[in-house]
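Asks: Here it is, the structure, as structure tokens.
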Amino acid sequence: MQCCHFKECGSCTLEGSYEEQKAFKLNAISSKFSEFYDKEFEFFASNEKNYRIRAEFGIWHEADKIYYTMHSKNKGERIFVRECPKVCEQIVSLMSILLNELESDAKLKHRLFGVEFISCSSGVLVTLLYHKKLEATFLEHIVNLANKLDITIIARSRGQKILSHELNLIDELKIDGRIYKFHLSENAFIQPNKAVNEKMITWAKINLAKGGKDLLELYCGHGNFTIPLSENFKNVLATEISKSSIFYALKNCDINDTKNIKFLRLSANELISAFKNEREFNRLKDINLHEYDFSHILVDPPRAGLEPSVINFIKNYENIIYISCNPDSLYENLIQISQTHEVVKFAVFDQFAHTHHVECGVLLRKKNG
Ligand SMILES: C[S@@+](CC[C@H](N)C(=O)[O-])C[C@H]1O[C@@H](n2cnc3c(N)ncnc32)[C@H](O)[C@@H]1O
């Protein structure tokens, strides 16, 4: 990928051709995890450019002009961004037009400090971030701009949120030949690389033979894995800490006509307490956890990985699917989990091309005896 900022921008860190990057990542992960898995590691590549469906830039003001910024490789410094080839085409083609429009509207420009983009099948959402109180007249400005550019705009300031139109972010994912629709939230977790996300879910779905009993999922987000995988199981119980993600997960069940999933807003530790009958939760009043027959558990935790309490809990289950965005915490967790489970599949997903980050998918099965 050619980018005029590569040497200075702190966002892309991995040098070399994409072929070299893939070889580097595959080699790094297969060496790091060789003590847990001695078979072939699968590697799922990214599109080399235009792969990110969300992006955030700072805004810098100089005289009457404004500029997109990104943190520099030199700590504490920023660079002015003229291009960002790793963001998807819809965002690329909008960036300079949007900047010109913002620059020519004094109200929209004043005290603007950041712009976030999310692009999906239903269109582009732009969030404008301000250090000022947003007056009532602001609405007219963002509606006009949103209509002109055919996008949805949210203006945010501390304790304030103004929307140009009702939010209706819907993305479509193609998994194992079927199209799934997902309502996305503007402020909850979204997998950043759509094409690699489709590969991850497809990999998990294909590797989980149909005819599983019930699936328990922790850290489920808006149902990204849950809904496609639900077809492989009788019943699914999926939990997550974010209220907004659960709100969208329920909507996603409806638009995909999925009937066998219960989504619950529970942190991982709350769920464990409920299983141990240590605490009663109103949210669980219509659910008997002990009626499920879970053959599989899926976890996709944040970068910090799994806490010891969660590791002990998941070790009770026959099959574990662990999706990880941090090889270091995954490694630490596997030291514990591999006492009772063996790794049967290991895949590397290049969600973050041109950076050192990788996503991993690991399937584990309980050891005999
Ligand atoms: C890496 S994201 C994965 C989300 C989802 N699996 C997906 O593919 O979109 C991790 C998720 O864990 C949730 N989370 C963070 N801490 C949690 C906790 N202690 N208990 C339950 N969920 C948590 C976050 O809100 C986020 O949705």
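Asks: Let a ≥ b ≥ c be the square roots of the eigenvalues of the Cα gyration tensor of the stretch 1-71; is it rounded (a/c under 1.5), or, if not, prolate (a/b larger than b/c) or oblate? Walk me through the intermediate numbers first.
Replies: Details: a/c = 3.08, a/b = 2.91, b/c = 1.06.
Prolate shape, in that a/c is at least 1.5 and a/b is the bigger ratio.
Asks: In this model, which of 7/194; 107/132; 25/49 are farther than 19 Å apart at the alpha-carbon? Display every interim value, and only then the final one.
Replies: Values: 7/194 26 Å; 107/132 11 Å; 25/49 17 Å.
Flagged as over cut-off: 7/194.
Asks: To the nearest 20 Debye, how big is the dipole of the stretch 265-336 about its Cα centre, given +1 on the beta carbon of each Lys and Arg and -1 on that of each Asp and Glu?
Replies: Working: 7 positive and 11 negative charges, 35 e Å.
Computed charge dipole of the stretch 265-336: roughly 160 debye.
Asks: Moving to a separate point now. Tabulate in residue order the Karplus-calculated ³J(HN,Hα) for the stretch 267-283, using 6.51 cos²θ - 1.76 cosθ + 1.60 with θ = phi - 60°, rounded to whole Hz; enter x for Gly and Pro.
Replies: 5, 4, 6, 5, 4, 5, 4, 5, 4, 7, 6, 7, 9, 9, 10, 4, 4
Asks: Find, among the GluC sites (Glu not before Pro) in the stretch 258-331, those assigned to loop by DSSP (not H, G, I, E, B) with at most 13 other beta-carbon atoms within 10 angstrom. Let's see the in-between values first.
Replies: On the way: sites: 270, 278, 280, 291, 318; in loops: 278, 280, 318.
Taking the stretch 258-331 and a limit of 13 other Cβ atoms within 10 Å, the loop GluC sites (Glu not before Pro) found are 278, 280.
Asks: Quickly estimate the mean residue ellipticity at 222 nm for the chain, helices only: each DSSP H run with n ≥ 4 gives -39500 (n - 2.57), and the total goes over all residues, rounded to 500. List each step's numbers first, then the result.
Replies: Numbers: 10 runs with 103 residues, N = 369.
Computed mean residue ellipticity for the chain: -8500 deg cm²/dmol.
Asks: Taking springs between alpha-carbon atoms closer than 10 angstrom, which of 255, 170, 241 fluctuates most in the Gaussian network model of the chain?
Replies: Maximum among the listed residues: 255.
Asks: Go through 113, 98, 139 and say which Cα lies farthest out towards the positive end of the charge dipole of the stretch 58-183; charges sit on Cβ, +1 for Lys and Arg, -1 for Asp and Glu.
Replies: The Cα lying farthest towards the positive end belongs to 113.
Asks: For the stretch 38-164, what class follows from the C-alpha gyration tensor (a ≥ b ≥ c being the square roots of its eigenvalues): rounded when a/c is under 1.5, otherwise prolate if a/b is larger than b/c, else oblate?
Replies: Values: a/c = 2.14, a/b = 1.60, b/c = 1.33.
Since a/c reaches 1.5 and a/b is larger than b/c, the shape of the stretch 38-164 is classed as prolate.
Asks: In units of 2.2 N^0.38 Å, what is the alpha-carbon radius of gyration of the chain? Mind dumping the intermediate values first?
Replies: On the way: Rg = 22.1 Å, N = 369, 2.2 N^0.38 = 20.8 Å.
The reported ratio for this selection is 1.06.
Asks: Of all beta bridges DSSP finds with both residues in the chain, what is the antiparallel percent, to the nearest 5? If you can, show how the numbers build up before the last one.
Replies: Details: 48 of 75 bridges.
Close to 65 percent.
Asks: If the chain between residue 267 and residue 167 were fully stretched, how many nm would it gain, using 0.36 nm times the residue separation less the Cα-Cα distance? Spell out each step's value before the answer.
Replies: Numbers: separation 100, 0.36 × 100 = 36.00 nm, distance 2.64 nm.
Contour length minus Cα-Cα distance gives 33.4 nm.
Asks: Right, another one. May I ask you to evaluate 6.51 cos²θ - 1.76 cosθ + 1.60, the Karplus curve with θ = phi - 60°, for each residue of the stretch 220-235 and list the ³J(HN,Hα) values in order in whole Hz, giving x for glycine and proline?
Replies: 7, x, 8, x, 3, 8, 3, 5, x, 6, 4, 5, 8, 10, 6, 9
Asks: Between 63, 146, 274, which gets the highest mean-square fluctuation from a Gaussian network model of the chain, Cα cutoff 10 Å?
Replies: In the Gaussian network model the winner is 63.
Asks: Further question: Report, by chain and number, residues whose modeled amide H sits under 5 Å from the one on residue 124, excluding near sequence neighbours (fewer than 5 apart, same chain).
Replies: Here 152 satisfy the definition.
Asks: May I pose another question? Please go through the residue pairs 39/213; 285/345; 32/205 and name each one whose alpha carbons sit more than 32 Å apart in this structure. Working shown, then result.
Replies: Working: 39/213 27 Å; 285/345 37 Å; 32/205 26 Å.
In this structure, 285/345 lie more than 32 Å apart at Cα.
Asks: Follow-up. Mind checking the per residue accessible area of the stretch 175-301 for me, 1.4 Å probe, whole number of Å²? Write out the running numbers ahead of the final one.
Replies: Working: 5510 Å² over 127 residues.
Roughly 43 Å² per residue, with all protein chains present.
Asks: Near the amide H of residue 353, under 5 Å away, which other amide H atoms are found, from residues 5 or more places off or on another chain, if H is placed in the peptide plane?
Replies: none
Asks: On to the next question. If I compute solvent accessible area with a 1.4 Å probe over the protein chains, what percent of it on the chain is carbon and sulfur? It would help to have the intermediate numbers written out before the result.
Replies: Working: 8520 of 17720 Å².
Heavy-atom surface of the chain belonging to carbon and sulfur, 1.4 Å probe: 48 percent.
Asks: Amide H to amide H, which residues 5 or more places from residue 50 or on other chains are under 5 Å from it, using H placed in the peptide plane?
Replies: 86, 87
The values are calculated or read from the model by the stated rules, or taken from the named source; none is laboratory data. Being a predicted model, the structure only gives us computed values, none of them experimental. Positions of Cβ are generated from backbone atoms using ideal geometry, with glycine treated the same way; all protein chains shown enter the neighbour counts. Remember, those area values only see protein heavy atoms, side chains included, never the ligands or the DNA or RNA. Shrake-Rupley method; radii C 1.70, N 1.55, O 1.52, S 1.80 Å.
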